[in-house]
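Before any comments, here is the structure.
The values are calculated or read from the model by the stated rules, or taken from the named source; none is laboratory data. Just so it is clear, the structure is predicted and the values come from calculations on it, not from any experiment. Don't worry about glycine lacking a Cβ; one is built from the backbone with ideal geometry, like all the others, and counts go over all protein chains shown. For the accessible areas, the whole protein counts, side chains as well, though only heavy atoms, and no ligand, DNA or RNA atoms are used. Shrake-Rupley method; radii C 1.70, N 1.55, O 1.52, S 1.80 Å.
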Amino acid sequence: MNLKELRKSKGLSQEQASQICDVPLRTYKRIENNPIYLDSLKYKHCFDCIKSCSSKHKLIKNKDNIVVVGAGYVGLSIAVLLANNTNVTLVDINKEKVSLLNKKISPIKDKLIEKSLKEDKLNLTVDTPNNNYYKNADYVFLALPTDLDESTGLFNTNALDGVIKDIRSVNKGCVIIIKSTVGIGYTESFKDKNIIFCPEFLREGNALYDSMNPSRIIIGLTKLTPKIKHISAILTSNTLNSPSIIYMSPSEAESVKLFSNTYLAMRVSFFNEVDSYLLSKGLSSKKVIEGIGLDQRIGSHYNNPSFGYGGYCLPKDTEVLSNIIGGIHNSDLITSISKSNKSRKEYLAEEIISHVKSITQKDIKDIVISVYSYLSKSGSDNSRHAALIDVVNILKNKGINVIEYNGESIEFFYKKSDLILSNRFQDVPKELIDKVYTRDIFFSN
Ligand SMILES: NC(=O)c1ccc[n+]([C@@H]2O[C@H](COP(=O)([O-])OP(=O)(O)OC[C@H]3O[C@@H](n4cnc5c(N)ncnc54)[C@H](O)[C@@H]3O)[C@@H](O)[C@H]2O)c1
């Protein structure tokens, strides 16, 4: 069976197939018309992706009344996903976001969310919070911020606590699904069998794509009632793949989330430490990391060095887990990850200074280092807690003049910069590339 026959047997359109394979529609069409592309490493995965996707992408109309609280990366993607076949009300205290969404404009950069808001017939109401919405809800998804509380070293759950109180004051029976990342034991502390924890694993920039193709669905519950079991049907009625659904206790589900993100942070830190060592010895990180990755137990993925892990989730989740288990258990590895990330940024700042001095022969006070974009990863529009911000602060503290791109002409920006910092090559215009300093060693165009 060729790719086209396989896709048709699954009842998928070419557009859905391109989303499942994560390739642009034009590329997908080319692959389907010319199977020789399937031999290339870049597109080899397409056949297996279509083969493993659940047959027929059916949207069964769902009669549940769903409320999603928080229109950020997590809440917006769940709301858009579910609103294809269910009545969804999305509420957020940020009036600007509500107003944009009511004009079908996405407040975040995400190709599929932008497209879906414009083109799909969504049953989606967007508003500021109101107890009437909670009163009539069958299921309420909570996608609220849980920032690091610096004073306790744990998550600040004030937004969650307040909204759960509001919901229960008007609706005792609806199921509350916590999607926000919380500490181990948070969900069970409510002693309410209708509050469950369902961790979210999406990536910013690909939020809706990841919600349509979840790696797994984890449901943390204390009692499996029919109403709670129905959540798996709600969550999978719009997915394009067939994710494993795993039931466990809320504390176990909270552990899955925190240990997963901490593993990712550890992997980033590991390859960054490899890179720091090789860089200091004048050896090729690219060759060594390629050599390491060919062991199938390690693999050649998620191994590209960077300025450090950053973003909204990895730093805070790693820090909180380290604070939860540090001191109680033998956790030397986990508690050292944040330290390794900090050392990486300090090491790179020194490395950048010696590099720029050697290429310009200038005195520190005359050097101009610039930043075109603080984005940590391509595809995202978010630079919150980007590692580059910390690197820049270290450079500034060492007396380096660091400037930021302010919309001027690219030519002028190029001329006045001695070196341009970017976590990834892809985030800078090609006219600037030869002055870019990055550790993006696996960049290919
Ligand atoms: N961003 C990610 O990639 C990601 C991935 C997995 C899990 N998470 C977790 O999911 C949670 C949400 O993350 P996010 O990135 O979507 O956050 P976000 O900051 O993008 O969005 C949160 C939204 O909640 C709104 N809000 C705050 N208080 C509110 C209240 N009382 N009532 C209604 N709305 C309120 C804010 O205005 C904001 O729009 C966090 O716990 C995060 O750790 C995030």
Looking at (1) at pLDDT 95 or above; (2) within 13 Å of PHE307 (Cα to Cα), which one does SER417 not meet, given that it meets all the others? (2)
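If you go through the range 355-373 one residue at a time, how many are in contact with a strand residue (DSSP E or B) (Cβ under 7 Å, 6 or more places away or on another chain) and either among the β-branched types (Val, Ile, Thr) or exposed (fewer than 13 other Cβ atoms within 10 Å of the Cβ) (or both)? Can you show your working first?
Start the filter on the range 355-373 by keeping residues that are in contact with a strand residue (DSSP E or B) (Cβ under 7 Å, 6 or more places away or on another chain), which leaves 355-356, 367-372.
Checking which are either among the β-branched types (Val, Ile, Thr) or exposed (fewer than 13 other Cβ atoms within 10 Å of the Cβ) (or both) leaves us with 356, 367-369, 371.
Count: 5.
With the structure loaded, tell me whether ALA387 is among the hydrophobic types (A, V, I, L, M, F, W, C), open to solvent by less than 60 Å² (accessible area, probe 1.4 Å), under 19 Å from ASP275 (Cα atoms) and touching a Phe, Trp or Tyr at 6+ places or on another chain (Cβ under 6 Å) or whether it fails that test. If you could, list the steps in order and put the result at the bottom.
Numbers: among the hydrophobic types (A, V, I, L, M, F, W, C): yes; open to solvent by less than 60 Å² (accessible area, probe 1.4 Å): yes; under 19 Å from ASP275 (Cα atoms): yes; touching a Phe, Trp or Tyr at 6+ places or on another chain (Cβ under 6 Å): yes.
Spelling it out, ALA387 is indeed among the hydrophobic types (A, V, I, L, M, F, W, C), open to solvent by less than 60 Å² (accessible area, probe 1.4 Å), under 19 Å from ASP275 (Cα atoms) and touching a Phe, Trp or Tyr at 6+ places or on another chain (Cβ under 6 Å).
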Selected residue [under 21 Å from LYS316 (Cα atoms) and of a type in the set (Val, Ile, Thr)] from VAL368, VAL356, VAL392: VAL392
Write out, first by first residue and then by second, each pair whose Cβ atoms fall under 8 Å of each other, whose residues are 6+ apart or on separate chains, and whose first residue, in the range 320-344, is closer than 17 Å to ASN261 by Cα while the second is of a type in the set (A, V, I, L, M) and not in a helix (DSSP H, G or I). VAL320/LEU148; VAL320/LEU154; ASN323/LEU154; ILE324/LEU154; ILE324/ILE184
Is it the case that some residue within the range 292-304 is open to solvent by less than 30 Å² (accessible area, probe 1.4 Å) and basic (Lys, Arg)? no
When the range 65-81 is examined, which residues are found to be more than 11 Å from the ligand (Cβ to nearest atom) and not in a helix (DSSP H, G or I)? ASN65, ILE66
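Name every residue in the range 182-212 that is hydroxyl-bearing (Ser, Thr, Tyr), more than 16 Å from LEU76 (Cα to Cα) and within 14 Å of the ligand (Cβ to nearest atom), in order of residue number.
Filtering the range 182-212 for residues hydroxyl-bearing (Ser, Thr, Tyr) gives 186-187, 189, 209, 211.
If we keep only those that are more than 16 Å from LEU76 (Cα to Cα) as well, we get 186-187, 189.
Those that are hydroxyl-bearing (Ser, Thr, Tyr), more than 16 Å from LEU76 (Cα to Cα) and within 14 Å of the ligand (Cβ to nearest atom): TYR186, THR187.
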Tally the residues that are surrounded by fewer than 17 Cβ atoms within 10 Å (Cβ to Cβ), part of a loop (DSSP other than H, G, I, E, B) and not polar (S, T, N, Q), restricting the search to the range 156-183. 2
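Give the residues of the range 82-93 that are out of contact with any Pro (no Cβ under 8 Å at 6 or more places or on another chain) and either within 13 Å of the ligand (Cβ to nearest atom) or open to solvent by less than 10 Å² (accessible area, probe 1.4 Å) (or both), sorted by residue number.
Restricting attention to the range 82-93, the residues satisfying the condition of being out of contact with any Pro (no Cβ under 8 Å at 6 or more places or on another chain) are 82-90.
Within the range 82-93, LEU82, ALA83, ASN85, THR86, VAL88, THR89, LEU90 meet the criteria.
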In the range 132-155, which residue that is near the ligand (Cβ under 9 Å from one of its atoms), in a loop (DSSP other than H, G, I, E, B) and hydrophobic (A, V, I, L, M, F, W, C) is nearest to SER249 (Cα to Cα)? ALA143
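Filter the range 100-126 down to the residues that are within 15 Å of the ligand (Cβ to nearest atom) and more than 26 Å from SER232 (Cα to Cα) and list them by number.
Of the range 100-126, the ones within 15 Å of the ligand (Cβ to nearest atom) are 100-102, 105-110, 112-113, 125-126.
Passing the criteria: LEU100, LEU101, ASN102, ILE105, SER106, PRO107, ILE108, LYS109.
Each row is one residue, and each column tells you yes or no for (1) basic (Lys, Arg); (2) over 18 Å from ASP210 (Cβ atoms); (3) not assigned by TED's automatic domain parsing to the domain that holds THR236.
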| position | (1), (2), (3) |
| --- | --- |
| ARG26 | yes, yes, yes |
| ASN34 | no, yes, yes |
| TYR43 | no, yes, yes |
| VAL91 | no, yes, no |
| LEU101 | no, yes, no |
Any residue at all in the range 105-112 that is surrounded by fewer than 17 Cβ atoms within 10 Å (Cβ to Cβ) and out of contact with any Asp or Glu (no Cβ under 9 Å at 6 or more places or on another chain)? yes
Please list, ordered by first then second residue, the pairs with beta carbon atoms under 6 Å, 6 or more apart or interchain, first in the range 415-433 and assigned to a helix (DSSP H, G or I), second open to solvent by 50 Å² or more (accessible area, probe 1.4 Å). PHE425/PHE443; LEU432/TYR414
In this structure, is LYS286 outside any loop (DSSP other than H, G, I, E, B) and away from the ligand (no atom under 16 Å from the Cβ)? yes
